[in-house]
4 protein chains.
Amino acid sequence: MESGSIRAGIVGASGYTGAELFRLLDVHPAITVEAASGSSQAGQPIADLYPNLAPVVGDRVYDEYSVELFDGLDVVFIGLPHGLSMDVVPELIGRVGLIIDMGSDFRLKDPDLYPVWYGAEHTNPELLAGAVYGLPELYRATLPGAELVAATGCNAAASSLTLAPLVASGLIETDDIVINLITGVSGAGRPPKTNTTFCTVDENATAYGLLNHRHTPEIEQTLTDVGTGPATVLFTPHLVPMNRGILASCYGRLTRSCSTEDVLAILSEFYADSPFVLVDERSPSTKSVQGSNSVHLTARVDPRTNRVLGIGVLDNLVKGASGMAVQCANLALGLPETTGLSKVGMYP
Amino acid sequence: MESGSIRAGIVGASGYTGAELFRLLDVHPAITVEAASGSSQAGQPIADLYPNLAPVVGDRVYDEYSVELFDGLDVVFIGLPHGLSMDVVPELIGRVGLIIDMGSDFRLKDPDLYPVWYGAEHTNPELLAGAVYGLPELYRATLPGAELVAATGCNAAASSLTLAPLVASGLIETDDIVINLITGVSGAGRPPKTNTTFCTVDENATAYGLLNHRHTPEIEQTLTDVGTGPATVLFTPHLVPMNRGILASCYGRLTRSCSTEDVLAILSEFYADSPFVLVDERSPSTKSVQGSNSVHLTARVDPRTNRVLGIGVLDNLVKGASGMAVQCANLALGLPETTGLSKVGMYP
Amino acid sequence: MESGSIRAGIVGASGYTGAELFRLLDVHPAITVEAASGSSQAGQPIADLYPNLAPVVGDRVYDEYSVELFDGLDVVFIGLPHGLSMDVVPELIGRVGLIIDMGSDFRLKDPDLYPVWYGAEHTNPELLAGAVYGLPELYRATLPGAELVAATGCNAAASSLTLAPLVASGLIETDDIVINLITGVSGAGRPPKTNTTFCTVDENATAYGLLNHRHTPEIEQTLTDVGTGPATVLFTPHLVPMNRGILASCYGRLTRSCSTEDVLAILSEFYADSPFVLVDERSPSTKSVQGSNSVHLTARVDPRTNRVLGIGVLDNLVKGASGMAVQCANLALGLPETTGLSKVGMYP
Amino acid sequence: MESGSIRAGIVGASGYTGAELFRLLDVHPAITVEAASGSSQAGQPIADLYPNLAPVVGDRVYDEYSVELFDGLDVVFIGLPHGLSMDVVPELIGRVGLIIDMGSDFRLKDPDLYPVWYGAEHTNPELLAGAVYGLPELYRATLPGAELVAATGCNAAASSLTLAPLVASGLIETDDIVINLITGVSGAGRPPKTNTTFCTVDENATAYGLLNHRHTPEIEQTLTDVGTGPATVLFTPHLVPMNRGILASCYGRLTRSCSTEDVLAILSEFYADSPFVLVDERSPSTKSVQGSNSVHLTARVDPRTNRVLGIGVLDNLVKGASGMAVQCANLALGLPETTGLSKVGMYP
């Protein structure tokens, strides 16, 4: 394939995931960004919002969204707040080669879950069945040739990748899972809000979304898929003062006797063919994966409390969003899975 | 009592808890620091290590430790690494009015736990029975007139204060408790180490002490005390990039049906006479208690997963160490519990 | 004077300086906050914005501003954005005992400077002559009995206190001063803005207000006051990722040969009667004064480049705003200057 | 040239610049790391120190340094503390194709400056004349075919690149330059020290190396080279709480009347052929260049104070060290200057 010959567009390009796509695709040998809309920022120079991009975008501005802008492109990435892509996707389907939605509108298979967790009915539920859930490590075979991919949410990616081998191997009870997650601030998006100003977040740790965070059903859906019964999780995210990074600490009750070595072996085997997953005895750190598409995992068995503790880290803007989207696009388009994506985080 | 008439000493004054005592006692109306030893820093100006103290310590230097230095003082605070105060305390008992040990050497009642969790036998186990566990909210009545107080560890304080009302009320199973704790870096102490350099910690979250953190038996001892059976906890601390602050997220399995309002009422009633504990429906943030002796608590009941989630925050150097020590000293010495201690955190 | 018998009000209490006043006055033995307006937040619980204050404000809400709310109070602190207090002050003068304006509307003596630097005419220029500039270290004698005090801006306080002794002693040329200042984020206020979100500021350093920052004329006014000719400064602030703290690096050209010891002696003598100023050979750090009303200063003479370098640090919300306001109020009301104010920063 | 066919070694690979070389060369299409010594860490797995590298280094350990380890390699990068490479370079010269020293031992042309600024005589001064100063934007023509390159120091790179066009165009007096620099913590290196622990640096700003920082003569040498007379600078670095990034604020006195537009035009023209330098009217931010090899510059003319203010930013570990080294290697080896180096920073 000729270098840069795949023509891409970004809907909602003024958000962090859009900006991260610009950064990632700048070094992708096969994909070039041809169109970028950011309706709230239309006409604004991209470099005003993201001065890091100035060397490559020059004076380029965000366009107003229109179907025509993206018509005929090979792949369109969508980075819109939830509830918006469910109306954009139907407009683009059939007019572009591939849609990778980085939002939540097409992730849940059961349309009844949308009013429960998102507070509103899905406007195009007939599209849900055909959407491929974009988590290559667990659903790789479904990606080649896909037309619509719903890339996994950042918290769900970290949680599901940590827990999937434990559930798939039957090692833990699926109805008693606790996920305690730590996240950086960029997951909350670019627009200024009271709870994400520097002075609110710096030197602060706080839990949010108590009992009702919207990534919960997505995790349960995935763990139910890989296991043998319905999974139930109590998911609690915590905001800490860092830009990027998610660390998921996952607690499951053992179904059988097992050692830490056994669990690490289960994880390693499960991800033997997944180039971005590193299983290690070391306790993983978010800094290790900063800016990369890697996931680092570990686990421990605690016979004293009859529990297994699994821990996974990823960069929420890369493996948790834009990098995951590129990985999905690579697979859907027939490129090598790792094309243009780095495994090495920026440290320090 | 005449202002500043209580004469105090600090053993191990060059660590963070020692420096924090200087800060707290500078505004304490009844206690004055007369002696301060820091053997590794003996002869070094205090202000070289802690320039914040320069306006009040001037050219004062750390002294070498000796019994004579502290002989006859009304109260001696000890801020030594674990394993050291078990030899210092016997030297000082009877020669000073009151000892407040901020380390771990006298916290566990069962001497057999020391080799298991600390890797060494206790050298003076006969003193354990007489030591008062310094957690006023749960053991207030034992403090007046105490001679030796073992102030609670920072992680244990946050965890036990969050969980005690839930255990005491029989609301949760005591053998299935998960504590996921987030902590700032000052808990690791002042001496430079590879894992606490700025470049290691900043923009990073990581779990440490997996399965075997030494505050575990201390929490289990306390929860066993307040409950009706032996408590077992899986405790996992996480280091995040902030100077101070601990947030304990505690997960318990419900023993009976209950609402969030019920649990909040249980917490409020439990701490009705504890001036430093605030029970609130708001999700607490470590920043709210920064520099203060306050503890902020909340809880949620999740019928979907049959769990209760309790969350507590405190400043590890104040309520988790030096402030707790002063609070214990106040009670032991017959002063009002809140003397010289602030409830208002520095924000932002 | 009876404890807490001075009745105070805060106009614009929902900003950071208002919240900091609540924190500082909570431990002030003579002043009690009776009224607090925050028009944009009227009816909102104070603890919703500042959970650190929850233990002392309970369910108290911000009031709507009205003259009646503050009528008859002993002292009113004003923490409004520039341009607003110039209309509020005339309403309150004569109806309250003392006004401490923490904003910029009454700092400049020359009304012609307002349109130049603030872009708008002053609406009550006749009040400027009577306003006392609230910088006790330089204008202490003017404060007792004052009716209207314009407390110094945070950047100006750090810069002027560092440079005043150098200018007053004739040691540096007054028309060739460069001030390079580093500031934390809280100086930008509480309302969320794009340039103060966590993700914009964290891991970032940037200069702003190039050539035209509004504190410039205030510094020039003060240095002209203490020197023998008009002072001209090039002032450039830089935003770095910390909540609080200002560090002013001030560069002057020497008028005569001089040693570092000489300059340190000049500084020490100049501030001999100023309890909050510490002159030290150590290079000062903002962390040392965090949360306190202290200023730490040093200086160096560089014969190689014929320059003197003066460096000063303070906490922008305390010595640069609310602490300075309390210090001014103490002096204006006849209390000891240091009443209720700490010299010891929170470290770490 | 075949992909990865240039064989490289790293001496001092356990430091931050060594680790950053691993990260950068992992995506470099022509250079492969064949040997890596880190004598203090010999035998230690690289991933123990840098878990970000685990996916590409696996169980690889640091080797002990020996000439044999590097003999015959095409290029050797040296990342040793100052004073050490002056003895290593003579051993390797002639036995490897190219040496890129990232330390300071071969940067100064005048051997008499070493005792003055570094406190010790140079042990191999005869090599200084032949060493090429590795700052491609100013000395590009000297790089092709070089055998020994002394890559520019991080602070010097930021300062010299900002000031060179101003000096070269005769716009500012060369004997009255003030450089006020802000730097992140990684410039201090990996080994733990008291002044770079998290708790010392976080929420702190402080100046260091007052009057005598070792990068001063390097800046003066370069500015003297590009100007018409000897340059004298007062250079003061400031440490702030961020991992990476340098921002140099440079103050010069105007020699002639000039506008901001004029200066920006001078900068743009000067760097027209330098692919990594971006000249922009926007005030640059260190975050914009994080992880990239870019330099962002701006300038302002202040007629009020007769000064020009130039501001430049770069990532100290990339453009200030390892990226600069790769850029120099590219030019020395006849590769395109930008090979394997990114212009887009990681944001946020």
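The values are calculated or read from the model by the stated rules, or taken from the named source; none is laboratory data. Quick caveat, the model's predicted, so the values are computed rather than measured. In this analysis, Cβ positions are derived from the backbone assuming ideal geometry, glycine residues included, and neighbour counts consider all displayed protein chains. Remember, those area values only see protein heavy atoms, side chains included, never the ligands or the DNA or RNA. Shrake-Rupley method; radii C 1.70, N 1.55, O 1.52, S 1.80 Å.
So the values come out like this:
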item	result
Condition met for residue D:278 (over 30 Å from residue D:331 (Cα atoms) and modelled with pLDDT of 95 or more)	no
The listed residue being among the aliphatic types (A, V, I, L, M) and over 16 Å from the mean Cα position of the chain (by Cα), out of D:181, D:161, D:234	D:234
The lone exception for residue B:167 - which of (1) away from every other protein chain (no Cβ under 14 Å); (2) among the β-branched types (Val, Ile, Thr); (3) without any contact (Cβ under 8 Å) to a residue 24 or more places away in the chain it fails	(3)
Residue match in the range C:85-96 (condition: open to solvent by less than 20 Å² (accessible area, probe 1.4 Å), out of contact with any strand residue (DSSP E or B) (no Cβ under 8 Å at 6 or more places or on another chain) and in the same structural domain as residue C:10 (by TED's automatic domain parsing))	yes
Boolean, residue B:209 is over 21 Å from residue A:237 (Cβ atoms), in contact (Cβ under 8 Å) with a residue 60 or more places away in the chain and either open to solvent by 10 Å² or more (accessible area, probe 1.4 Å) or aromatic (Phe, Trp, Tyr) (or both)	no
The one condition in (1) out of contact with any helix residue (DSSP H, G or I) (no Cβ under 8 Å at 6 or more places or on another chain); (2) among the basic types (Lys, Arg); (3) free of Cβ contacts under 8 Å to residues at least 40 places away in the same chain that residue D:60 fails to fulfil	(1)
Enumeration of residues in the range C:168-177 that are modelled with pLDDT of 95 or more, on the phi < 0 side of the Ramachandran plot and surrounded by fewer than 24 Cβ atoms within 10 Å (Cβ to Cβ)	C:168, C:169, C:171, C:173, C:174
Flag for residue D:214 being within 14 Å of chain B (Cβ to nearest Cβ) and assigned to a loop (DSSP other than H, G, I, E, B)	no
Some residue of the range B:147-156 being open to solvent by 10 Å² or more (accessible area, probe 1.4 Å), out of contact with any Ser or Thr (no Cβ under 6 Å at 6 or more places or on another chain) and polar (S, T, N, Q)	no
Residue tally, condition in a strand (DSSP E or B) and either within 14 Å of chain A (Cβ to nearest Cβ) or closer than 30 Å to residue D:347 by Cα (or both), over the range C:170-197	6
Residue that is nearest to residue A:142 (Cα to Cα), among those in the range A:332-348 that are more than 14 Å from chain B (Cβ to nearest Cβ) and of a type in the set (Ser, Thr, Tyr)	A:338
Residue check, residue C:161 more than 9 Å from every other protein chain (Cβ to nearest Cβ), touching a residue at least 40 places away in the same chain (Cβ under 8 Å) and among the aliphatic types (A, V, I, L, M)	yes
Only listed residue being facing another protein chain (nearest Cβ under 9 Å), out of contact with any strand residue (DSSP E or B) (no Cβ under 7 Å at 6 or more places or on another chain) and open to solvent by 20 Å² or more (accessible area, probe 1.4 Å), chosen from D:228, D:200, D:224	D:200
Pair list, Cβ under 6 Å, 6 or more apart: the range B:139-150 residue closer than 14 Å to residue B:128 by Cβ, other residue of a type in the set (Lys, Arg) and modelled with pLDDT of 95 or more	B:150/B:107
In the range B:80-108, the residues that are under 14 Å from the mean Cα position of the chain (by Cα) and of a type in the set (Lys, Arg)	B:107
Options B:242, B:324: the member that is open to solvent by less than 30 Å² (accessible area, probe 1.4 Å), away from chain C (no Cβ under 14 Å) and closer than 26 Å to residue C:289 by Cα	B:324
Matching residues, the range A:33-77, being under 30 Å from residue A:145 (Cα atoms) and within 14 Å of chain D (Cβ to nearest Cβ)	A:33
Given (1) open to solvent by 10 Å² or more (accessible area, probe 1.4 Å); (2) touching a Leu at 6+ places or on another chain (Cβ under 6 Å); (3) of a type outside the set (Asp, Glu); (4) within 14 Å of chain A (Cβ to nearest Cβ), number of the condition residue C:279 does not satisfy	(4)
Residue match in the range C:281-290 (condition: part of a helix (DSSP H, G or I) and either assigned by TED's automatic domain parsing to the domain that holds residue C:111 or of a type in the set (Val, Ile, Thr) (or both))	yes
Residue check for residue A:125: without any contact (Cβ under 8 Å) to a residue 60 or more places away in the chain and within 24 Å of residue A:237 (Cα to Cα)	no
All positions within the range B:12-46 that are part of a strand (DSSP E or B) and β-branched (Val, Ile, Thr)	B:31, B:32, B:33
Number of positions in the range A:289-303 that are among the small types (Gly, Ala, Ser) and either open to solvent by 10 Å² or more (accessible area, probe 1.4 Å) or within 10 Å of chain B (Cβ to nearest Cβ) (or both)	2
Counted residues, the range D:127-136 - those being outside any loop (DSSP other than H, G, I, E, B) and buried (at least 20 other Cβ atoms within 10 Å of the Cβ)	4
Residue within the range C:40-50 that is without any contact (Cβ under 8 Å) to a residue 40 or more places away in the chain, in contact with a strand residue (DSSP E or B) (Cβ under 7 Å, 6 or more places away or on another chain) and within 23 Å of residue C:291 (Cβ to Cβ) present	yes
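Every residue, every condition in (1) open to solvent by less than 40 Å² (accessible area, probe 1.4 Å); (2) over 30 Å from residue C:198 (Cα atoms); (3) part of a helix (DSSP H, G or I); (4) at the interface with chain D (Cβ under 7 Å from one of its Cβ atoms), yes or no:
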{"residue": "C:252", "(1), (2), (3), (4)": "yes, yes, no, no"}
{"residue": "C:256", "(1), (2), (3), (4)": "no, yes, no, no"}
{"residue": "C:267", "(1), (2), (3), (4)": "yes, yes, yes, no"}
{"residue": "C:305", "(1), (2), (3), (4)": "yes, yes, no, yes"}
